[in-house]
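Participant: Here it is, the structure in full.
The values are calculated or read from the model by the stated rules, or taken from the named source; none is laboratory data. Since we're looking at a predicted model, the values are computed, not measured. Here the Cβ is made from the backbone with ideal geometry for all residues, glycine too, and neighbour counts use every protein chain on show. Areas reflect the complete protein model, heavy atoms only, side chains present, ligands, DNA and RNA absent. Shrake-Rupley method; radii C 1.70, N 1.55, O 1.52, S 1.80 Å.
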Amino acid sequence: MDRPPELLKTFANRMARVGLSEDAVQMVRLLRLSGFIEDANQYSDSTPAGNLISDVSGPVAEWALRWNPAHIGIWEPRVENGETCFVRNKQTMKEWHLWANVGRIEAKGAKKRVLLLGESVARGYLYDPVFNPALVLQRILDAEFRNDEIEVIDLARTNLSYEIRDVAVAALQLEPDIAIVFAGNNWGVTEPRPSEIAGMTEALSKEGIPGLKRISEAQIARKGRLVVNDISSAYEARGVPVIWMVPEYDLANWRDPFTNAPYLAAGANNEWITLLDEAQQALREGEVAKARERALRMLEIDKGVTVAGLYLLADCSHQLNDVESERKYLELARDAACWDSTRTCMPRCYATTQEAIRTDVRKYKGNELIDVRELFKEYLHGELPGCRLFLDYCHLTSEGIQITMAAAASAVLRALKGVEKHWFTLTGDHLAPSRETEAEALFLAAIHSGHWWQSYDIARYYCARAISLSRHAADLMLNYIELQTHSSVPMRMSASERQIFKVGSPLIHRYLLSTNLKRLDKGLLDGIVDALAEHGIDGREPLERLRREQHSVRKRPINLLDYYYS
């Protein structure tokens with residue numbers, strides 16, 4: 001047998017080292033595109049470019065740092081035959097996956113032009129690029145207008161924050177007839193301006209964390225009002241109506257992790273912890289009145305800057321079938337940590353943002369408001385929104401997307417045609433994605449929820465629904481079990497990863513095959529195998545066998561400080 005040349009050995013060693021590094025995603029992409037592994041034609045533009053669990057507002061986008069008022073996000077103007085179109089700027093290629101997969105926006109023609117602006121909810125996170133709000137809106141409007149009479153321009157961007165103001169104002173170059181702004185989930189507390197620091201310091205010294213929360217809420221409201229007023233005034237000056245959509249939150253199912261209260265004066269932390277233990281014990285034993293009394297005392301002590309007491313009060317209200325009180329406490333819990341910019345907080349539209357949009361939108365002629373909170377209350381007959389309409393904290397299921405876009409379409413018809421059509425008459429099964437796409441999005445939702453501390457029940461629910469819609473979701477899950485549990489092969493070089501790539505659609509390529517980190521994922525994987533068992537598929541045996549083979553202390557020392565076990 002011929003020995004491989006030394007050059008190939010060096011090459012293989014370097015590939016192995018890169019396979020274990022953070023550059024593995026890029027390496028595998030290049031190998032696929034080159035044809036060394038898999039069929040390059042199978043690889044779409046949906047390049048995995050971000051972690052499935054990282055849809056939170058981070059640093060300002062690169063395009064915004066070098067923002068040019070003539071550009072619209074990643075698209076730059078180009079004059080052709082005397083008309084200005086917009087094409088994607090190659091220097092922003094690293095961010096293309098965050099926007100619509102559209103290389104070119106043509107100059108305005110005879111069609112009515114509708115702009116859709118927003119963040120990841122408007123982008124269709126976990127469904128895009130196969131299915132998204134802009135596609136649904138276009139389908140609804142196509143049925144209500146004559147052929148080729150209206151077009152939707154999709155300007156939503158994942159992780160868009162206050163920069164939406166710049167995108168919206170620049171988008172006036174597209175000569176829209178109407179615009180829809182579906183945003184607010186990423187409008188959180190930011191680094192204070194020098195003029196704000198003194199006030200924050202004083203509030204913190206006199207009131208503690210509740211004072212900091214008050215200042216933070218005021219800052220969020222001020223910045224939100226600036227966005228609303230700047231966009232509204234710019235569009236009013238051009239005579240372009242704007243439909244503002246106020247986002248809602250998954251109140252029924254999403255829970256932030258319990259944390260102890262921050263420092264409380266006069267040694268109140270000890271009392272707070274005792275009350276927490278007593279309230280939890282009382283709730284477990286069915287003593288709702290006692291649990292509520294202890295939780296109210298917790299709230300009196302910490303002034304609502306942590307979620308624990310608020311969730312307990314919501315659970316008490318749930319036991320008493322008091323839906324509106326439950327809603328109130330869950331909304332307060334959603335907002336409880338708005339002051340804490342040091343921890344990772346899921347995107348959400350705080351009450352102060354919602355109120356800023358509701359109030360300031362009405363100041364401008366042509367503006368219309370769609371409050372998704374009230375829309376969902378109407379649709380669910382007063383029930384709390386949960387897994388039926390949400391994939392996670394704020395991103396919508398296909399059903400949620402259809403409802404919100406039907407409401408938006410109703411407002412467009414009213415503004416452009418003078419026609420009144422209730423949003424409910426504009427929905428229908430014809431707007432839904434394929435069963436396979438829905439199944440993949442639900443499986444991704446299970447993974448996303450599992451990686452953000454959500455319960456086993458949530459993971460199992462999404463997985464069971466996914467398998468019931470499409471059996472190919474079961475193949476994805478079985479391979480995912482091996483992908484996460486096998487420790488001796490780099491994730492990006494494993495047989496299970498290759499199989500997931502073959503079976504999965506662009507959704508899986510974009511949102512799942514994007515991280516080189518493995519996790520124990522106990523609750524998530526247990527939810528997966530139990531969902532598989534509901535459909536007569538054994539995932540438990542291979543999971544337990546892999547755990548014994550790959551992670552048993554009988555075979556080698558195990559470092560429990562390794563990221564995998566955290």
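Participant: What Rg and what Dmax come out for the range 206-253 when only alpha-carbon atoms are used, in angstroms?
Facilitator: Rg then Dmax for the range 206-253, in Å: 16.0, 48.
Participant: In debye to the nearest 20, how big a dipole does the chain give about its Cα centre with +1 on each Lys and Arg Cβ and -1 on each Asp and Glu Cβ? Walk me through the numbers before you get to the answer.
Facilitator: On the way: 69 positive and 78 negative charges, 221 e Å.
Dipole about the Cα centre, nearest 20: 1060 debye.
Participant: Then there is this: Hey, can you find the accessible area per residue of the chain for me, probe 1.4 Å, expressed in square angstrom?
Facilitator: Details: 25540 Å² over 566 residues.
Here the residues of the chain average 45 Å² of exposed surface.
Participant: Sticking with this structure for a sec: Based on the mean of other beta carbon atoms within 10 Å per residue, what is the order of 106-117, 457-468, 86-97, 258-269, most packed first? Each step should come with its number before you reach the end.
Facilitator: Working: 106-117: 18.1, 457-468: 22.8, 86-97: 16.4, 258-269: 13.2.
Ranked from most to least packed, the peptides come out as 457-468, 106-117, 86-97, 258-269.
Participant: Same structure, new question: Over the chain, what is the relative contact order in whole percent, taking alpha-carbon pairs under 8 Å and six or more residues apart? Write out the running numbers ahead of the final one.
Facilitator: Numbers: 875 pairs, mean separation 89.4, N = 566.
The value is 16 percent.
Participant: For the chain, what is the Kirkwood estimate of the hydrodynamic radius, computed as the reciprocal of the mean inverse distance between distinct Cα atoms, to one decimal in Å? Before the final figure, lay out each step's value.
Facilitator: Working: mean 1/r = 0.0389 Å⁻¹.
Taking the inverse mean of 1/r over all distinct Cα pairs, the chain comes out at 25.7 Å.
Participant: I would also like to ask the following. Can you give the % of DSSP beta bridges in the range 88-189 that are antiparallel, to the nearest 5?
Facilitator: On the way: 0 of 10 bridges.
The antiparallel proportion sits near 0 percent.
Participant: Which whole-angstrom value gives the distance between the alpha carbon centres of the range 242-262 and the range 139-195?
Facilitator: If we compute the Cα centre of each part, the gap is 22 Å.
Participant: If you don't mind, there's one more thing I want to ask. Of all DSSP beta bridges located in the chain, what percent are antiparallel, nearest 5?
Facilitator: Values: 10 of 28 bridges.
Bridges in the chain that DSSP calls antiparallel: roughly 35 percent.
Participant: Follow-up question, since we're still on this one. Of the heavy-atom accessible surface of the chain (probe 1.4 angstrom), what whole percent is carbon and sulfur?
Facilitator: Values: 13200 of 25540 Å².
So the carbon and sulfur contribution to the accessible surface is 52 percent.
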